[in-house]
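Asker: This is the structure I have questions about; it appears just below.
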Amino acid sequence: MKIRHLYRLNRLLLPCAAIVLGVLAGYFVGKESILDAVKSRIGDYANRIGERNEEVGSEITRILAAADAAHTAPCSDQDIALLRRLTFSARFLKDVGRLGSNRLLCSATLGKLAAPPTLLKPDMDVLSGFRIYLGYPLQSPVGVHAVVVATKTADVVLSPDLYYEFSQEPIRFAIGVPSIAGSALAPNPSSPGPSASAITAQDPPLFGSGASTAIPPAVFGAKLPLEIGDAIYAGRCSALYGVCAATSIHSAEIWKNNEGLFLGYIGTGGAAGILCATALLMAGRRRGSPAKQLRRAIGTGKLGVTYQPIIELGTHRIVGAEALARWVDEDGDRIRPERILALAESEGFASEVTRLVLSRAVAEIAPLLETNPAFRLSINLAPSDIADAGLISFLDEELDRERIAPASITFELSERATANREVAVASIRTLREKGYAIFIDDFGSGYSNLAYLTELHVDGIKISRAFTGTVGTESVTASIVPQILAVAKALNLSVVVQGIEREDQARYFASDDPSILGQGWFFGLPIQFKELAQKCAETPS
């Protein structure tokens, strides 16, 4: 009776626990996802403003250099024409002026001044001798203030709308030149938008938006956005021009603007918990045999494909890859590729696995072959595939659809697949006549002897990992390796060494022949195609 009550109690607790866990998962996942999205956004925002800083700095440097290099008389007609051409060519500047004796003599917009005004004291001397004036009162229009950057003989007036399109409330930004002590950047609290800011006690900004806030010094040394206090910050500084950009958002604004999304995450987590609890309560039947699970995986698209790179040992170039079936069964166990093929072979549906792997691999590898025609894709064939009369036509259809030449495909036959010598010889001849390469997989581990290679007329062998593991040891088997390599050379067969797990093994075979190929954990585990393509792009050809 007590056991029955415990069982009923467990049945009640299970869905409740699943729902609670679902809600908690939704809460934490939602929180982290929203924070990650916000960090990414303000990081991108800082990058965009940093890029604009580089553009503005480059233009200021170019314009002032051109003005300083002028050989015309100051404020002559030719000089004013030059200033106007420079102003007209600028994207971010409103005016270019000519200075002399610390006075503004003329400019592109004002022309020659009858009474040149004396310049005020600069707010900072930075940027390789440049002087910066914040909120400088312009001669025209009267009452307008702007940021001015000057040398001894020229100045430029920055447009107050430089960063207007960057306004992205509630994210705030500030642009300025941090002090050596790195105290703070503070945007102008009275500014209605991204326009010039007032001078502050510490690190006055050139431009900014939003409410006043101090930017912690650590922000400018970090590559990624930081959570500090009740806000998230991102900073970018120009190595060329000494100008920094900082973006920030307060936590209250984050959750205020994402309240609905956050609740959605929590609700989704709770719903997932309910579904999970329901599924667990209904899961009374047995999962079935491994073969049935594999059939279901094929039918539901859960049988995937990974690729183990094949390396030229002398150069460490990736010259090909072996396509391998990838499957995690319903118990969560990762099943090895050879076990998958053996399981399907024992139940009579190995051809389904072979065709699925072949179709998926050919479709994925096609773009890579366009940029690297010498790349070879290796695919395993089961013993039943050798006698499959429909395999050739299936191959032709798949390769024609992707416009792949048969020379780009290598088929690997296990020694057991060649046990029926008559069938194997005929099938190998047909495949080779079509242009496919044929390799004997795990050579030396089964039926093979060195003499039968001549009869099969294959293109190469893949030395079994059992031999590779003996390299560098005093094992009797290790003495066979040089003999295998010698016979392969005599028969002009290509060689792929399997199971390379140490550098000394790779060096051993490369020293015999640098063109020998190899694969194994030393060069990398089986990977998804996207990662394979990236590795191929990074590997020198």
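Asker: What size of dipole, in debye to the nearest 20, comes out for the chain about its Cα centre when the only charges are +1 on Lys and Arg C-beta atoms and -1 on Asp and Glu C-beta atoms? Spell out each step's value before the answer.
Answerer: Details: 53 positive and 57 negative charges, 294 e Å.
That gives a dipole near 1400 debye.
Asker: Tell me, what is a quarter of the convex hull surface for the C-alpha atoms of segment 290-538, in nm² with one decimal? Before the final figure, lay out each step's value.
Answerer: Details: hull surface 53.0 nm².
Here the figure is 13.2 nm², rounded to one decimal.
Asker: Oh, and also: If you take the Cα Rg of the chain and divide it by 2.2 N^0.38 Å, with N the number of residues, what do you get? Don't skip to the end; give the middle numbers.
Answerer: Working: Rg = 35.7 Å, N = 541, 2.2 N^0.38 = 24.0 Å.
Against the empirical 2.2 N^0.38 Å value, I get 1.49 for the chain.
Asker: On to the next question. Work out the charge dipole of the chain with +1 on the Cβ of Lys and Arg and -1 on the Cβ of Asp and Glu about the Cα centre, then indicate which of Phe529, Ala466, Ala231 is farthest towards its positive end.
Answerer: Ala231
Asker: Take every DSSP beta bridge whose two residues both sit in the chain, then give the antiparallel share in percent to the nearest 5.
Answerer: Working: 57 of 80 bridges.
Given both bridge residues lie in the chain, the antiparallel proportion sits at roughly 70 percent.
Asker: Also, I was wondering about something else. Using only the alpha-carbon atoms, how far is helix 480-490 inclined from the longest principal axis of the chain? Give it as 0 to 90 degrees, nearest 10.
Answerer: 90 degrees
Asker: Then there is this: I'd like the orientation of helix 503-512 relative to the chain: the angle between its Cα long axis and the longest Cα principal axis, in ° from 0 to 90, rounded to 10.
Answerer: In the chain, helix 503-512 runs at an angle near 70 degrees to the longest axis.
Asker: Let me know the shape class of segment 117-169, please: from the alpha-carbon gyration tensor, a ≥ b ≥ c as square roots of the eigenvalues, rounded when a/c is under 1.5, otherwise prolate if a/b is greater than b/c, or oblate. Write out the running numbers ahead of the final one.
Answerer: On the way: a/c = 2.37, a/b = 1.37, b/c = 1.73.
Judged from the Cα gyration tensor, segment 117-169 comes out oblate (a/c at least 1.5, b/c at or above a/b).
Asker: About the Cα centre of segment 290-538, how large is the charge dipole given +1 on each Lys and Arg Cβ and -1 on each Asp and Glu Cβ? Please answer in debye to the nearest 20.
Answerer: Working: 26 positive and 35 negative charges, 39 e Å.
Around 180 debye, computed over segment 290-538.
Asker: Now for a different question. Can you tell me which of 149-159, 509-519, 398-408 comes out highest on packing, and rank the rest after it, using the mean Cβ neighbours within 10 Å? Don't skip to the end; give the middle numbers.
Answerer: On the way: 149-159: 21.0, 509-519: 18.1, 398-408: 15.1.
Per-residue Cβ counts within 10 Å, averaged per peptide and sorted highest first, yield 149-159, 509-519, 398-408.
Asker: Looking at Leu324, Phe375, Phe220, which one has the Cα that reaches farthest to the positive end of the dipole of the chain (charges on Cβ: Lys, Arg +1; Asp, Glu -1)?
Answerer: With unit charges placed on the Cβ atoms, the residue in question is Phe220.
Asker: By residue number, which cysteines of the chain lack any other Cys whose Cβ falls under 4.7 Å from their Cβ?
Answerer: Cys16, Cys276, Cys536
Asker: Convex hull volume of the Cα atoms in segment 408-514, per residue, in Å³?
Answerer: Cα convex hull per residue, to the nearest whole number: 100 Å³.
Asker: Using a cut-off of 13 Å between beta-carbons, work out the net charge of the residues near Ala533 (Lys and Arg +1, Asp and Glu -1, Ala533 not included). Numbers along the way, then the final one.
Answerer: Values: positive: Lys530, Lys535; negative: Glu364, Glu370, Glu531, Glu538.
Local charge sum for Ala533: -2.
Asker: Here's a follow-up. If you consider only alpha-carbon coordinates, what radius of gyration and Dmax does segment 77-145 have, in Å?
Answerer: Cα-based Rg and Dmax for segment 77-145 come out at 12.4, 32 Å.
Asker: What angle, in degrees between 0 and 90 and rounded to the nearest 10, separates the Cα long axis of helix 290-300 from the longest principal axis of the Cα atoms of the chain?
Answerer: Once rounded, one gets 50 degrees.
Asker: Within 10 Å of each residue's Cβ, count the other Cβ atoms and sort Tyr452, Tyr233, Tyr136 from fewest upward. Don't jump to the answer; show the numbers that get you there.
Answerer: Working: Tyr452 15, Tyr233 25, Tyr136 21.
The order, fewest Cβ neighbours first, is Tyr452, Tyr136, Tyr233.
Asker: Another one. Give me the net charge for the shell around Ala108: Cβ to Cβ below 14 angstrom, other residues only, Lys and Arg +1, Asp and Glu -1. Provide the component values of the computation, followed by the final result.
Answerer: Details: positive: Arg84, Arg85, Lys94, Arg98, Lys112; negative: Asp77, Asp79, Asp95, Asp155.
Residues near Ala108 contribute +1 overall.
Asker: Okay, moving on. Let me check I have the definition right: for segment 12-169, take the eigenvalues of the Cα gyration tensor, multiply each by 5, take square roots. What are those semi-axes in whole Å, largest first? Let's see the in-between values first.
Answerer: On the way: eigenvalues 561, 41, 32 Å².
Over the Cα atoms of segment 12-169, the semi-axes work out to 53, 14, 13 Å.
Asker: Would you tally the net charge around Ile318, using a Cβ to Cβ cut-off of less than 11 Å, leaving Ile318 out, and scoring K and R as +1, D and E as -1?
Answerer: On the way: positive: Arg317, Arg376, Lys535; negative: Glu312, Glu538.
With Lys, Arg at +1 and Asp, Glu at -1, the neighbours total +1.
Asker: Could you list Arg91, Arg432 in order of exposure, starting from the residue whose Cβ has the fewest other Cβ atoms within 10 Å?
Answerer: On the way: Arg91 9, Arg432 16.
Placing the least packed residue first, the sequence is Arg91, Arg432.
Asker: Pick out, from His145, Val96, Leu391, the residue whose Cα sits farthest towards the positive end of the charge dipole of the chain, with +1 on the Cβ of Lys and Arg and -1 on the Cβ of Asp and Glu.
Answerer: Value: His145.
Asker: Another question, if that's okay. Can you give the three extents of the C-alpha atoms in segment 239-395 along their principal axes, from longest to shortest, in whole Å?
Answerer: The Cα atoms of segment 239-395 stretch 69, 61, 28 Å along the principal axes, largest first.
Only the coordinates and a few stated rules stand behind these numbers; no lab work does. Source: prediction; values computed, not measured. Neighbour counts run over all protein chains shown; Cβ positions are idealised from the backbone, glycine included.
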